Amino acid sequence: MIPWMLWIIVILPALGGIILPFISRHETPGTARKFTLLVGGLVALCALGALLALGAHTEPPALGIALTWLPGVGEIGLRASATGLYMVLALAAALVATLALDKGEKSPPPGQLALALGALAAANVAFLVSNFLGRYAALEIVALLVALAPLLALNGIRTAGLVYLLLRIGDVGFLVAVLLLRATGTLDIDAALAGGSALAVPVQMWIVGGFLLAVGVKVAIWPFSWWRSVGHQMQRTTDSWLYATVMPLLGLYLLYRIAPLLTADAALGYLMLGWGALGLLLALVAIGANLHESRRHIPVNEIVGSLALIVAGLGALSWVRVLALALAPLQWLAAWLSPAAAPDALETGVLERVIAALPQAAKGVGCALQRWHTGRLRQNLLWIALVLTLALAVFLTL
Amino acid sequence: MNTGDLWVVTPLAILAGGAILMYLVGRFITQRNEILALCTTLILGSALAAHGWLSVQTLQATAGTWPAWGHFAPGGVVLRATPPTLLMGSIALALGLFSALYSGRYMTLDQHYITYYPLLLLFLTGLLGMVSSADLFNLYLFCEMMSIAGYVLVAFRRRTDTAIEAGFKYLILGSVGTLMMAMGITLIYRQTGSVALEQPGILTGMWGRAGLIFLWVGLGVKSALVPLHTWLPDAYGNAPSSISALFSGIASQSAFYILLKISLDMGLPPYELGLAFLVISFVNMTLGNLMALMQTNVKRLLAYSSIAQTGYVLFGVGIGLRYGIPEAIQAGFFLILTQAVAKSLAFLGTGVADFYCGTSTIADLRGIARRLPLTAILFGIALASLVGLPPLVGFTGKWFLLAETLPAAAPVVYVGTFIFLINVLISLGYYLPLLAALFMVPARDAGEPMPARIPVSLWMTVPLVLLGLLVIGMGLYPGPWWTMAAWAIY
């Protein structure tokens with residue numbers, strides 16, 4: 001049953017996007033919107049059904065059809081994973097919710113709805129495909145469709161070109177990472193990530209660096225956040241859905257999937273931490289500086305992405321390093337105030353008790369993060385996270 | 001005395017005889033363009049079939065016993081069929097077939113098309129002979145044959161000043177190149193007393209080294225290696241689109257193949273040769289892409305992008321030679337295959353728009369999808385492939401290039417990969433506006449109705465559709481074509 005649902009999740013929106021311009025040619029303008037709602041709803045229902053049916057499977061069942069495309073990359077197929085289906089559900093539900101709640105006088109034109117369905121199909125492939133090369137191909141198609149949206153909405157060739165260029169920079173990072181991962185002998189995602197941990201540390205760092213570039217662009221963290229503002233120039237909810245939901249969810253999911261590689265070197269943890277903190281700071285400054293209320297929600301995605309990077313950075317660093325980083329300013333301050341007495345200053349009174357308690361607290365956080373990475377918390381948090389993600393997706397789109 | 005396997009010379013004989021035949025048919029029997037195009041297509045089909053049979057024979061033979069024909073005292077064998085020559089010949093004949101078929105409608109409005117088909121066949125005779133030559137003298141003869149036919153084909157639309165200028169420029173620069181080649185052959189003959197291609201001891205003498213330099217310059221002009229490329233944009237931009245498609249697909253690539261073959265046969269160390277190719281590749285890629293960004297004429301844009309694509313090929317071959325990775329060379333030749341298909345499709349698509357709508361600039365192409373939907377879709381597929389969008393053949397070529405060069409794990413490889421990726425991003429700057437322009441709403445005055453759809457002749461549609469299917473098919477199923485590219489590393 002699950003394989004059938006996976007087929008529907010991928011093929012239905014793709015077919016819908018192709019036939020929509022033809023069937024809406026002689027129908028009323030609302031027909032295209034209803035058709036899109038129907039397709040999106042079916043995809044969401046299939047994703048939910050597959051998620052529930054996945055249940056107690058110890059291993060995610062494969063689709064049963066695997067293609068061999070290029071030599072040395074392994075087979076490319078679809079694999080039903082809880083998180084992947086989850087993302088599909090969030091995406092489809094967000095599309096349905098935003099179209100249903102759209103109170104605009106005119107329905108979106110069929111071309112833009114077809115674009116949205118095409119992006120839904122490609123994004124679903126990206127979430128469910130079992131091979132990095134397949135994911136790259138799907139991400140390229142999504143990037144092209146996202147970049148074409150301003151062309152249809154604003155007739156802006158230059159804007160579309162610049163958006164596509166920026167998105168392509170992220171995909172170049174992804175491609176470089178995938179090419180380096182070939183050294184593991186396969187590009188099957190699970191096998192490559194497992195084998196990637198055994199590669200030389202410098203190679204792992206380049207791989208993660210490439211993936212992080214892709215994440216940063218997709219989630220629109222500074223300095224790659226410009227393309228997101230284009231989405232706010234376009235008035236259609238489908239365009240907002242493309243810019244505010246599809247790309248960020250793809251980026252966040254990528255960050256989640258490459259988690260096994262993030263602990264390759266402490267430098268990566270510091271990089272994510274620093275970049276996330278900088279992005280968060282800039283986003284908060286942007287919110288504060290924007291006097292117009294209507295524009296204050298623009299940096300929300302950047303906040304989400306930055307927080308994700310910070311969490312990933314914390315998870316990648318051991319609690320000892322995080323503690324050392326946090327305590328470093330205190331030590332410098334103590335040494336500056338009293339060079340001779342600096343070591344003693346840390347051992348007296350309230351400060352001593354706080355510092356003594358910190359390792360236990362940090363250890364607890366570190367254990368929780370490790371359990372999150374290995375997935376032992378996944379099942380327990382699944383339903384809570386599902387609701388939160390749905391809410392977030394709808395909120396971001398609206 | 002002529003000896004050896006006649007199948008080696010059969011495709012050449014068909015083409016050369018066909019050229020004479022087509023001239024006589026056009027002069028004395030019929031002047032209908034469709035019939036001339038059909039006859040030319042049949043001749044090319046026969047040559048391709050003979051070439052196919054030769055390929056089967058050659059691939060079954062072992063390395064030292066490949067079929068050969070002819071004997072020339074100072075040099076040796078006149079023509080030899082080797083897997084690399086078969087690869088280049090196959091591409092040339094296939095593209096020629098598409099061009100001839102396309103010309104059945106495209107050349108109808110040209111006044112002197114009865115000379116077009118013989119020239120096309122002569123050009124292909126020269127090209128096929130050049131890649132099959134086993135000695136320098138015959139290589140020069142066939143190269144000259146190809147060049148002279150090429151000069152006339154570029155200037156074929158002599159009613160326009162730009163075509164005359166382009167043809168004249170190509171004539172001057174091409175003749176300089178050919179003269180350089182002749183000088184080089186003379187100097188080599190002075191040293192060794194032989195015009196054989198394989199003369200590994202040539203670098204020991206001053207005359208041999210000088211001769212090789214002259215050959216490099218001459219073939220560099222033919223290959224359009226920067227800075228000897230200045231004839232190419234004018235030639236491709238002003239030639240009939242069917243000729244531009246043929247030129248961009250195989251002409252300069254064949255000259256590059258000859259340059260590679262001669263360099264290795266004359267004893268140039270692969271390590272140094274690879275470095276030279278790498279340096280040239282970086283310049284070619286970057287200059288080609290930057291110049292393409294500034295173009296408003298579609299064919300000139302595609303011409304400059306051809307210069308950049310030559311750089312990509314050189315990058316793969318250079319890495320393969322320098323670090324001893326045959327698969328990298330194979331990837332370079334696979335790129336020649338992919339470029340032949342995608343670039344030809346792009347040029348032929350431009351030709352359809354020019355023929356039916358008189359459009360030649362990017363601005364003119366805006367909204368062409370309303371009038372020529374199938375052409376726009378196929379042209380869009382070609383551009384998407386050149387951009388490197390998966391799963392089209394352009395992406396597959398770039399994937400193989402990166403996948404086979406990165407394992408060299410050397411600093412110059414990483415730098416080269418970075419330059420390559422930057423250039424791929426730069427190329428978006430001119431491909432994407434062109435792709436977008438095809439499908440935008442056409443500019444029109446208020447109240448003006450949408451332009452009507454234009455039916456395109458089957459003569460032009462069939463080659464476009466076949467090339468489009470190849471772009472998609474080769475991308476989705478690259479295995480046999482990757483194996484074909486391996487012929488280049490025999």
Residue within the range B:360-367 that is in a helix (DSSP H, G or I) and either more than 14 Å from chain A (Cβ to nearest Cβ) or in contact with a helix residue (DSSP H, G or I) (Cβ under 8 Å, 6 or more places away or on another chain) (or both) present: no
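If we keep just the residues of the range A:175-187 that are more than 10 Å from chain B (Cβ to nearest Cβ) and surrounded by fewer than 23 Cβ atoms within 10 Å (Cβ to Cβ), which is modelled with the highest pLDDT?
So, considering only residues that are more than 10 Å from chain B (Cβ to nearest Cβ) and surrounded by fewer than 23 Cβ atoms within 10 Å (Cβ to Cβ), the one modelled with the highest pLDDT is A:THR184.
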Residue match in the range A:227-234 (condition: more than 11 Å from chain B (Cβ to nearest Cβ), over 30 Å from A:LYS34 (Cβ atoms) and touching a residue at least 60 places away in the same chain (Cβ under 8 Å)): yes
Search result, residues across the range A:119-137 that are assigned to a helix (DSSP H, G or I) and more than 10 Å from chain B (Cβ to nearest Cβ): A:ALA119, A:LEU120, A:ALA121, A:ALA122, A:ALA123, A:ASN124, A:VAL125, A:ALA126, A:PHE127, A:LEU128, A:PHE132, A:ARG135
Tally of residues being at the interface with chain B (Cβ under 10 Å from one of its Cβ atoms) and in contact (Cβ under 8 Å) with a residue 24 or more places away in the chain across the range A:138-149: 4
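Here are B:LEU389, B:LEU374: which of them is surrounded by fewer than 24 Cβ atoms within 10 Å (Cβ to Cβ) and closer than 21 Å to B:GLY104 by Cα?
Working: B:LEU389 fails: closer than 21 Å to B:GLY104 by Cα.
Testing whether each residue is surrounded by fewer than 24 Cβ atoms within 10 Å (Cβ to Cβ) and closer than 21 Å to B:GLY104 by Cα leaves just B:LEU374.
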Residue check for A:GLY156: surrounded by fewer than 21 Cβ atoms within 10 Å (Cβ to Cβ) and more than 7 Å from every other protein chain (Cβ to nearest Cβ): yes
Filter result for the condition that a residue is part of a helix (DSSP H, G or I) and without any contact (Cβ under 8 Å) to a residue 24 or more places away in the chain, over B:GLU327, B:GLU272: B:GLU272
Cβ pairs under 8 Å, 6+ apart, first in the range A:190-212 and crowded, with 18+ Cβ neighbours inside 10 Å, second among the basic types (Lys, Arg): A:LEU193/A:ARG257
The range B:90-144: number of residues that are of a type in the set (Asp, Glu) and not in a helix (DSSP H, G or I): 2
Hits in the range B:24-47 (condition: crowded, with 19+ Cβ neighbours inside 10 Å and within 18 Å of B:TRP7 (Cα to Cα)): B:ILE43, B:LEU44, B:ALA47
Helices (runs of 4 or more DSSP H) wholly inside the range B:180-257 containing at least 3 residues that are under 20 Å from B:LEU335 (Cα atoms): B:206-223, B:241-246
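The values are calculated or read from the model by the stated rules, or taken from the named source; none is laboratory data. This structure is a prediction, so every number in the text was calculated from the model and none was measured. Every residue, glycine as well, gets a Cβ built from its backbone with ideal geometry; the counts of neighbours run over all protein chains shown.
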